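The values are calculated or read from the model by the stated rules, or taken from the named source; none is laboratory data. Keep in mind the model is a prediction, meaning the values are calculated, not measured. Glycine also receives a Cβ, built like all others from the backbone with ideal geometry; neighbour counts cover every protein chain displayed. Ligands, DNA and RNA are stripped out before the accessible areas are found, and what is left, the full protein with its side chains, is counted by its heavy atoms. Shrake-Rupley method; radii C 1.70, N 1.55, O 1.52, S 1.80 Å.
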Amino acid sequence: MAQVLSFRVLISAETHRTSSSSSSNLKSLKMPKRVSKKSTSAPRKGCHFTGSLNPLHKTQKLNLEVSPHRAVSAVRLMRIEFGGAFADLLNEKGKGSGDNEMGYVERTIGFRTRDLDARDLRLVTDIVGGTIRWRRYLDHLISSLCRAENTIKSMEPLLLQILRVGSYEIVKLDMPPYAVVDENVRLAKVALRPGAGNMVNAILRKLILLKENDTLPLPKLEGDDRAQARALATLYSHPVWMVRRWTKYLGKEEAIRLMEWNNSDPSFSLRANTAKGISRADLVTKLNSLEVPHEPSLHLNDFVRIKTGLQSVIQSGLLKEGLCSVQDESAGLIVSVVDPQPGESIIDCCAAPGGKTLNMASRLSGQGMISAVDINKGRLRILKETAISHQVDDVINIIHADLRTFAENNTVKCDKVLLDAPCSGLGVLSKRADLRWNRKLEDMEELKNLQDELFDAASILVKPGGALVYSTCSIDPEENEERVAAFLLRHPEFSIDPVDRYVPPDFVTERGFYFSNPVKHSLDGAFAARLVRVT
């Protein structure tokens, strides 16, 4: 199970580095309380339901009539929105919550459905990811079809998730519309009450009619910049502040292309573990045996890209056995910028849970040492366990510490230092669909201050002639180029080392930094600057 967990955290880590994990303890998740109040009729106004879960469900343990993938999807969406659970929860069975997936359903809505089969699992993945991506768009449609104002904010959480699931299935998935209505109505009636089912029925049937007539109530791109930003935010389902920020830096058309990318189904890359003697050719052979479609990376000779079939890879044990790992090519290219060589001493400053640490370790050929520093003790434990399965534990030294304190007390200087800084994660919104709703504009200022502090601390650890690599999974210039410029003003002992020797020219900016553009390169957005200590 440790290896399963290590994969789950590793894939999340390579798709976002943030100042605080969005995966908060699910024990603190507060679901609607069950009360003895009974309601069998629809509410008098709009979509505002004030009732709660039916107390009769305490004795109803199994319901074979409710669609299992819809029940699981609605509950998982609640866990993600209110409990901070990752949208890309994965394990070796692909259920997202281990063997206890149906346990979450029972504790939330009072009963179980039949177990999920393979088709159900695929639908849960598609529906949960898609519903999160299109949440603002779906909420606009739902609100437009309700009579009362501000209904989304006052609606019961479970009812809202059922409406989102049904709306997504109708407007974005090629599913029989009236089957969608019937199944979601049944879920609402059994999990809540008959009146809730009646409301779901009315809204979803109206939505079907509007879609068939091509008259969905969507905002128009008109008015001043603020009005257009709000319309774009609804049409492409992103926060308004992100739309305004990207329009400012990229222009409207490029911002739209970026949002379209973020709303597309993500692809994943697998890195063959050369430290365990697995070449890309070996990995391709295994993928062929699993009938998983794939294509070789155009940029890295040990990476393979897959669009579908990740669950098959997980279930086959390739990850658990340490034969490969899930890592985006954009992260692999950051490791190329570091350019770890056998015999070198390297510090990975914000290492856990260790995707880049493991990649660098595989390049050392058993010679040298990587000190993996992180403030999160639990994630460091996962890194240590995964390093053993990857057979690189002999070149990784685990250090539990705050980088700022560690740098002040450390007297040893290293050949290379990687600071993969906590950031907004704005470059990985295709994989981390939920992250767009967890970020706020005010977070950016706090993150910049933290990035500056960590940047200064990391610089202390570099020996003269050594290299310091600052990287993020953000596309925002304030977290990237501006942080480097501010650092160089504070630290004239460092100078820019252009990355054109380490990555393909298409990824090199005018100032010699590494940058992967999601729209241009079809990879996660990422940034890296390589600096050399001259004195």
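On the protein heavy atoms, probe 1.4 angstrom, tell me the percent of accessible surface of the chain carried by carbon and sulfur.
On the way: 10980 of 22110 Å².
Using a 1.4 Å probe with all protein chains present, the chain comes out at 50 percent carbon and sulfur.
Past 31 Å, Cα to Cα, is the threshold; run 276/307; 172/286; 356/413; 248/431 against it and keep the listed order. Write out the running numbers ahead of the final one.
Numbers: 276/307 25 Å; 172/286 34 Å; 356/413 20 Å; 248/431 24 Å.
Listed pairs above 31 Å: 172/286.
Loop only by DSSP, 16 or fewer other Cβ within 10 Å of the Cβ. Give me the trypsin sites (Lys or Arg not before Pro) in region 487-535 that pass, ordered by residue number.
Filter output for region 487-535: 511.
Run the reach check for residue 153 against aspartates and glutamates, Cα to Cα strictly under 15 Å, same-chain hits fewer than 8 apart removed. What comes back?
Residue 153 reaches 81, 139.
At a probe size of 1.4 Å, how large is the accessible area of residue 356, to the nearest 10 Å²?
So the heavy atoms of residue 356 present about 10 Å² to solvent.
Leaving ligands, DNA and RNA out of it, work out the accessible area of residue 212 with a 1.4 Å probe and give it in Å² to the nearest 10.
Ignoring ligands and nucleic acids, residue 212 comes out at about 120 Å².
Could you provide, to the nearest whole Å², the per residue accessible area of the chain with probe 1.4 Å?
Values: 22110 Å² over 535 residues.
With the other protein chains kept in place, the chain gives 41 Å² per residue.
Below 12 Å, Cα to Cα, which aspartates and glutamates can residue 440 reach? Residues fewer than 8 away in the same chain don't count.
Excluding near neighbours in sequence, the set is empty.
Which option, [x] 29; [y] 21; [z] 25, is the value of percent of Cα pairs over 41 Å apart that was calculated from these coordinates?
Step by step, percent of Cα pairs over 41 Å apart for this structure corresponds to label [z].
Under 15 Å Cα to Cα from residue 189, which aspartates and glutamates show up? Leave out anything in the same chain fewer than 8 places away.
65, 156
Picking from 310, 134, 332, whose Cα lies most toward the positive end of the charge dipole for the chain (charges on Cβ: Lys, Arg +1; Asp, Glu -1)?
Selected residue: 134.
Would you mind checking the tilt of helix 118-133 against the longest principal axis of the Cα atoms of the chain, expressed as 0 to 90 degrees and rounded to 10?
Helix 118-133 sits roughly 80 degrees off the main axis of the chain.
Let me know the charge dipole size of region 161-270 about its Cα centre in debye, to the nearest 20, where only the beta-carbon of Lys, Arg (+1) and Asp, Glu (-1) is charged.
Working: 16 positive and 13 negative charges, 99 e Å.
Rounded to the nearest 20 debye, it is 480 debye.
Nothing charged except the Cβ atoms of Lys and Arg (+1) and of Asp and Glu (-1): what's the magnitude of the dipole of the chain about its Cα centre? Round to the nearest 20 debye. Walk me through the intermediate numbers first.
Values: 73 positive and 65 negative charges, 528 e Å.
Dipole of the chain, to the nearest 20 debye: 2540 debye.
Assign unit charges at the C-beta atoms only (+1 for Lys and Arg, -1 for Asp and Glu), then state the dipole size of region 312-401 relative to its Cα centre in Debye, rounded to the nearest 20.
Details: 7 positive and 10 negative charges, 57 e Å.
With Lys and Arg at +1 and Asp and Glu at -1, about 280 debye.
So how do 190, 534 rank on accessible area, 1.4 Å probe, biggest first, that is with the largest at the start?
Numbers: 190 35, 534 85 Å².
Ranked from most to least accessible, the order is 534, 190.
I want the antiparallel fraction of DSSP beta bridges within the chain, as a percent rounded to 5.
Values: 22 of 42 bridges.
Within the chain, antiparallel bridges account for around 50 percent of the total.
Which order do you get for 139, 393 if you rank them by accessible area with a 1.4 Å probe, largest at the top?
Values: 139 25, 393 75 Å².
The residues order as 393, 139, largest area first.
Students sometimes get this wrong: rank 502, 137 by accessible area, probe 1.4 Å, all chains present, largest first.
Numbers: 502 45, 137 15 Å².
Descending order: 502, 137.
Using protein chains only and a probe of 1.4 angstrom, how many square angstrom of residue 134 are accessible, to the nearest 10?
40 Å²
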